[in-house]
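Student: Sharing a structure, written as structure tokens. Questions coming.
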Ligand code: NDP
Ligand code: MG
């Protein structure tokens, strides 16, 4: 990379945000940080802003503006607070923006970044699940480059011949299977939040860790892949691969299958998007196939993990269903993390919400957000029924 690129990180205090900062801080001469954002982690945000000398630090929770201001006194960093300020931070025209807010809360900011027409590295899968068509159209209209950060989609992106999509027959997403891959249905009934967030291979935020445990994460990723890579819904498959070494595969019509491999470290796909189309060094562990020695594969069990089947049905149904599924899942996962509902009720709550709400397909961003809000209200009602 030659000139210093300007970068912004939405969700800078999270797991993906911190991994992104780690890479940027190792190459201070390559990057200039425009904006960092968080929801309520004032000390994490302020510390990161000081380290990278960010021009702007923005906190979503408006009540935290004063503590943030105090934490950054004497620096040149400008502070702001509130949801609108996050959207503004996303609109400051950085060459490269990391979209790493968790949940549909990241949708408006990522849309603002896409409208800027630069490069957006997308980790925030919930935004794409809820508003895939709208986001992809906005990216096409503004000329933005949308690069997938999710390890599976980043792998597919690296193997997918965009000039010849008709030559691609199938996309195979790998899934680690999560912490309960081999658990009995009885054991899964009494799973605690701390057991669910203890992922065997990846260290991630709480919400995606629970999604990985239910396999809803893989379901959301199927919908995410469908928007990023133009194939029919039937062309996407999932295979469980417990070692998380192969990050996903692309099968061509001639029978060739291309895969991307690497250590399970999010800094690898993040670095791919940060340097794209060049490559950059990372401190990540190198793949040692001899010490790994074997790779295993199995079919996903949709009976023990009904969330995967639910997401497949939402993908097939299209319209508002993916947004409703995502919203209900966000509510159910938050309730589970609060120890208010049982692990197995997450998928039940998502299913009941999806089955009983059938609005017309949203065409505009505001319509998606309205559906998201209504699905959340309905899911909250259903949560009451399942409350422990
Ligand atoms: P974390 O929970 O670790 O971090 C979330 C970030 O978003 C934090 O900076 C948080 O701020 C901020 N945030 C949360 N809610 C809001 C809100 N309402 N408004 C503004 N900011 C908000 O999540 P992860 O880093 O694990 O995941 C981020 C996204 O990336 C998710 O969509 C996830 O699915 C996806 N992803 C993550 C992977 C991983 O390895 N972690 C892998 C692939 C995809 P604060 O810290 O102040 O709460
Ligand atoms: Mg993933």
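Student: Just grab the label-to-label distance for residue 235 and residue 4, each label 7 Å out from Cα along the Cβ direction, in nm (one decimal).
Tutor: With each label point 7 Å from Cα toward Cβ, the separation is 4.3 nm.
Student: Tell me, in nm to one decimal, what length is gained between residue 187 and residue 340 on full extension, where the rule is 0.36 nm per residue of separation less the Cα-Cα distance? Write down the numbers at each step before the final one.
Tutor: Numbers: separation 153, 0.36 × 153 = 55.08 nm, distance 1.82 nm.
Gain in length upon complete extension: 53.3 nm.
Student: At 0.36 nm per residue, minus the direct Cα-Cα distance, what do residue 194 and residue 137 gain on full extension? Give it in nm, one decimal, please. Before the final figure, lay out the partial values.
Tutor: On the way: separation 57, 0.36 × 57 = 20.52 nm, distance 3.91 nm.
Length difference between fully extended and current span is 16.6 nm.
Student: Counting only DSSP beta bridges with both residues in segment 133-286, what percent are antiparallel, rounded to the nearest 5? Walk me through the intermediate numbers first.
Tutor: On the way: 10 of 15 bridges.
Once the DSSP bridges in segment 133-286 are tallied, antiparallel ones form about 65 percent.
Student: Using a 7 Å offset from Cα along Cα-Cβ at residue 26, what residues in segment 268-302 end up with backbone N under 12 Å from the label point?
Tutor: 268-272, 280-286
Student: Does segment 273-342 classify as rounded, prolate or oblate by the C-alpha gyration tensor (a ≥ b ≥ c root eigenvalues; a/c under 1.5 gives rounded; else a/b over b/c gives prolate, otherwise oblate)?
Tutor: Cα axes put segment 273-342 in the prolate bin.
Student: Where a ≥ b ≥ c are the square roots of the eigenvalues of the C-alpha gyration tensor, would you call the chain rounded, which needs a/c under 1.5, or, failing that, prolate if a/b is larger than b/c, or oblate? Could you put the intermediate results ahead of the total?
Tutor: Working: a/c = 1.42, a/b = 1.16, b/c = 1.22.
Because its axes are fairly even, with a/c under 1.5, the chain counts as rounded.
Student: Report the relative contact order of segment 5-149, percent, no decimals, based on alpha-carbon pairs under 8 angstrom and at least 6 residues apart. Numbers along the way, then the final one.
Tutor: Details: 312 pairs, mean separation 31.2, N = 145.
In percent, rounded to a whole number, it is 21.
Student: Could you state the number of Å between the C-alpha centres of segment 233-251 and segment 333-373?
Tutor: When both Cα centres are located, 26 Å separates them.
Student: Okay, next question. Considering only the chain, what is the antiparallel percent among its DSSP beta bridges, to the nearest 5?
Tutor: Numbers: 11 of 41 bridges.
Antiparallel bridges: around 25 percent, rounded to the nearest 5.
Student: Just want to confirm a number: the relative contact order over the chain, from Cα pairs under 8 angstrom separated by 6+ residues, in percent. Don't skip to the answer; put the middle values down first.
Tutor: Working: 740 pairs, mean separation 54.0, N = 388.
14 percent.
Student: Another one. Can you give me the distance in nm between label points at residue 298 and residue 203, each placed 7 Å from the Cα along the Cα-to-Cβ direction?
Tutor: About 2.7 nm separates the two model spin labels.
Student: Roughly what percent of Cα-Cα pairs across segment 5-149 reach past 24 Å?
Tutor: Values: 2381 of 10440 pairs.
Every Cα pair in segment 5-149 considered, those over 24 Å come to 23 percent.
Student: Which distance in nm do the two modelled labels at residue 47 and residue 252 give, with both placed 7 Å along the Cα-to-Cβ direction?
Tutor: Label-label distance for residue 47 and residue 252, simple model: 4.7 nm.
Student: Would you give the gap between the C-alpha center of segment 174-217 and the C-alpha center of segment 20-48, rounded to a whole Å?
Tutor: Cα centroid of segment 174-217 versus Cα centroid of segment 20-48: 29 Å apart.
Student: Can you tell me the FRET efficiency between residue 66 and residue 377 if r is taken as the Cβ-Cβ distance and R0 is 25 Å, rounded to the nearest 0.05? Numbers along the way, then the final one.
Tutor: Numbers: r = 32 Å, r/R0 = 1.27.
E(calc), rounded to 0.05, equals 0.20.
Student: From a point 7 Å beyond the Cα of residue 387 in the direction of its Cβ, which residues of segment 339-377 have a backbone N at a distance under 18 Å?
Tutor: 339-343, 345-346, 349-350, 376-377
Student: Over segment 229-276, what relative contact order in percent results from Cα pairs under 8 Å that are six or more residues apart? Show your work: numbers first, answer last.
Tutor: Working: 26 pairs, mean separation 12.5, N = 48.
Averaging sequence separation for qualifying contacts and normalising by length gives 26 percent for segment 229-276.
Rule-based calculations on the coordinates, nothing more; no lab input. Just so you know, these numbers come straight off a predicted model, no measurement behind them. When we count neighbours, we look across all protein chains shown, and the Cβ atoms used for this are built from the backbone with ideal geometry, even at glycine.
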